[in-house]
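Student: Provided herewith is a single structure, encoded as structure tokens, for subsequent inquiry.
The values are calculated or read from the model by the stated rules, or taken from the named source; none is laboratory data. These numbers were taken from a predicted model, which means no experiment stands behind them. Virtual Cβ from ideal backbone geometry, glycine too; neighbours counted across all protein chains shown.
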Amino acid sequence: MIKVTVTPKDDAMCGWYHTAPARQARPAHTGEKNTRWAVVGAGFTGLAAARQLALNFPDEEIVLIDAQEVGFGTSGRNAGFAIDLPHDIGADDYIGDIDIARSTLKLNRLGQGILHALVEKHGIDCHMRPSGKYQAAVENRGIAVLDAYRRGLDKLGEPYEVIAGKDLPDHIGTTFYRQGLFTPGTMLLQPSALVKGLADSLPSNVTLYENTAITDVDYGDKVVLRHPRGRIVTDKLVLANNAFGARFGYLQHTVLPMYLYASLSRPLTEAEQAQLGGKAFWGVIPADPFGSTVRRTHDNRILMRNSFSFNPDQQSRPHCLERFLHKHRLSFERRFPMLPDVGFDYTWSGSLALTQNHKGFFGQLAPNVYGALFCNGLGVTRGTVTGTLLADMIAGKRHELIDFLLSTSGPNTLPPEPFLSIGVNATLWWGQRKAGQES
Ligand SMILES: Cc1cc2nc3c(=O)[nH]c(=O)nc-3n(C[C@H](O)[C@H](O)[C@H](O)COP(=O)(O)OP(=O)(O)OC[C@H]3O[C@@H](n4cnc5c(N)ncnc54)[C@H](O)[C@@H]3O)c2cc1C
């Protein structure tokens, strides 16, 4: 028996969750349940896997289980960028191997297309808009990153627009940045509203149990998932629970549980919107990975996202929330001196699964166990498409992107402790320091 010693308990103040339309959570599981299919994790990946399994096996029941309420976990806590373009931070031009980049682009666009079609079909109120994204730089190092990425985009044949610092205020209000690189393919959205809507539009043969944390597992001809109020016995198990997947007995010592931090301001008044200027809805990602992601939302709030912590115990840390709220405040003031009285209504953290080689796991873990795990920071599109394609792979369907995922996925084994923590914490410290004004 595998004891799942840690289960998710996210902090309470995720702004996306609280400002999304309220929904009634589905009841937690109690008692004994036998099923053919169980999916653990109802984020982007698990919702997509359960939906596609339900379509592939319309006469069978799919049980989807989450430890928390849908929309409260990481899938509802991110910055809401559904990004199409590949961005390989290990490559000089951020594109790297052109064949891998082309397949990654296809994957991401397929994921975007799936989400867009579901939002349209079910009328999900999540403010999804094809707004593109600005990648913006303020330091020389950041400008060099934009130059390199531009070369990569040329190689890939993807369009972009370079925007000089003096013109950026027409787009995003602030005069803070020296240069921006606009790429048109990103969609921005309210992530918690989207996952709540996806959960409420699942096919009728999906049974969703929320607030049901799996605490131990028996593997065998059948898989037994136990929780404090009962157990679920399944013929086949799909793990779609991101960093927590490594607690289920497979892929141990491959994933780094990182926490990221975000704050959402109160809505700007009409006068403040006029002082800010620029477009009504936009998103900026930093040239430096340790910099700040910033958004102006559909309801005229400003989102600031920066700072990381390495939490091997996979629990959120209240003292980090306090520390990074202060950092968000300073980052906000640097960018928006014209908005001195705008405070934050919400500050939260979210758990992320990083691997050393930036590769997730996709495929079969044992004869009756499958996984699409370890998002590496881009789960909105990637989780959606890998969950969908995993369900197709299980159903025996062929697709060039399934072959691509099977041939390119697979995380490295990490160094042992204490070297791991020392190395990761030093990298975080140095990266956050080096980011300078970009943060
Ligand atoms: C602050 C922040 C900003 C981000 N910005 C972006 C962005 O702009 N764009 C982007 O693409 N990505 C972004 N990400 C990453 C993105 O949120 C993730 O890649 C995505 O959520 C991964 O989806 P997932 O379904 O694979 O996993 P998750 O969203 O982590 O879902 C896994 C689910 O499994 C459940 N679970 C875990 N263990 C158990 C258990 N034992 N029993 C039952 N259930 C369990 C959890 O409760 C959780 O709901 C960001 C992340 C953070 C934290």
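Student: Being within 15 Å of the ligand (Cβ to nearest atom) and among the basic types (Lys, Arg) is the filter here, so list the residues in the stretch 28-56 that pass it.
Tutor: Listed by number, the residues that qualify are 33, 51.
Student: Could I ask something else about it? If you scan the stretch 385-414, which residues turn out to be assigned to a helix (DSSP H, G or I) and of a type in the set (S, T, N, Q)?
Tutor: Narrowing the stretch 385-414 to residues assigned to a helix (DSSP H, G or I): 385-394, 400-408.
Selection gives 386, 388, 407, 408.
Yes/no matrix, rows are residues, columns are (1) away from the ligand (no atom under 11 Å from the Cβ); (2) at pLDDT below 95; (3) crowded, with 20+ Cβ neighbours inside 10 Å:
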site: 336; (1), (2), (3): yes, no, yes
site: 345; (1), (2), (3): yes, no, no
site: 356; (1), (2), (3): yes, yes, no
site: 373; (1), (2), (3): no, no, yes
site: 379; (1), (2), (3): no, yes, yes
site: 382; (1), (2), (3): no, no, yes
site: 394; (1), (2), (3): yes, no, no
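Student: Could you say whether any residue in the stretch 25-36 is closer than 21 Å to residue 380 by Cα and in a strand (DSSP E or B)? Reasoning before the result, please.
Tutor: Applying the first criterion (closer than 21 Å to residue 380 by Cα) to the stretch 25-36 yields none.
No: the stretch 25-36 contains no residue that is closer than 21 Å to residue 380 by Cα and in a strand (DSSP E or B).
Student: Kindly indicate the residue of the stretch 302-315 that is in contact (Cβ under 8 Å) with a residue 60 or more places away in the chain and in contact with a Lys or Arg (Cβ under 7 Å, 6 or more places away or on another chain) and also surrounded by the most Cβ atoms within 10 Å (Cβ to Cβ) among those meeting that condition. Steps first, please.
Tutor: Pass one, the stretch 302-315, residues in contact (Cβ under 8 Å) with a residue 60 or more places away in the chain: 303, 305-310, 312-315.
Those left that are additionally in contact with a Lys or Arg (Cβ under 7 Å, 6 or more places away or on another chain): 303, 306-307, 309, 315.
Details: 303: 23, 306: 23, 307: 25, 309: 20, 315: 16.
In this case the residue turns out to be 307.
Student: Kindly establish whether residue 71 is at positive phi, surrounded by fewer than 24 Cβ atoms within 10 Å (Cβ to Cβ) and either within 15 Å of the ligand (Cβ to nearest atom) or at pLDDT 95 or above (or both). I'd like the intermediate steps shown before the answer.
Tutor: On the way: at positive phi: yes; surrounded by fewer than 24 Cβ atoms within 10 Å (Cβ to Cβ): no; either within 15 Å of the ligand (Cβ to nearest atom) or at pLDDT 95 or above (or both): yes.
Spelling it out, it is not the case that residue 71 is at positive phi, surrounded by fewer than 24 Cβ atoms within 10 Å (Cβ to Cβ) and either within 15 Å of the ligand (Cβ to nearest atom) or at pLDDT 95 or above (or both).
Student: Just wondering, is there one or more residues in the stretch 227-242 that are touching a residue at least 24 places away in the same chain (Cβ under 8 Å) and under 24 Å from residue 15 (Cβ atoms)? Please lay out each step first, then the result.
Tutor: To start, the set of residues in the stretch 227-242 that are touching a residue at least 24 places away in the same chain (Cβ under 8 Å) comprises 227, 229-242.
Checking which are under 24 Å from residue 15 (Cβ atoms) leaves us with 241-242.
For the stretch 227-242, residues touching a residue at least 24 places away in the same chain (Cβ under 8 Å) and under 24 Å from residue 15 (Cβ atoms): present.
Student: Would you check which residues across the stretch 260-295 are part of a loop (DSSP other than H, G, I, E, B) and within 16 Å of the ligand (Cβ to nearest atom) and list them? Outline the logic, then answer.
Tutor: The first filter runs over the stretch 260-295 and keeps only residues part of a loop (DSSP other than H, G, I, E, B), leaving 266-269, 277-281, 287-292.
Listed by number, the residues that qualify are 281, 287, 288, 289, 290, 291, 292.
Student: Let me ask something else. Of the numbered conditions (1) buried (at least 24 other Cβ atoms within 10 Å of the Cβ); (2) away from the ligand (no atom under 11 Å from the Cβ), residue 59 fails exactly one; give the number of that condition.
Tutor: The failed condition is (1).
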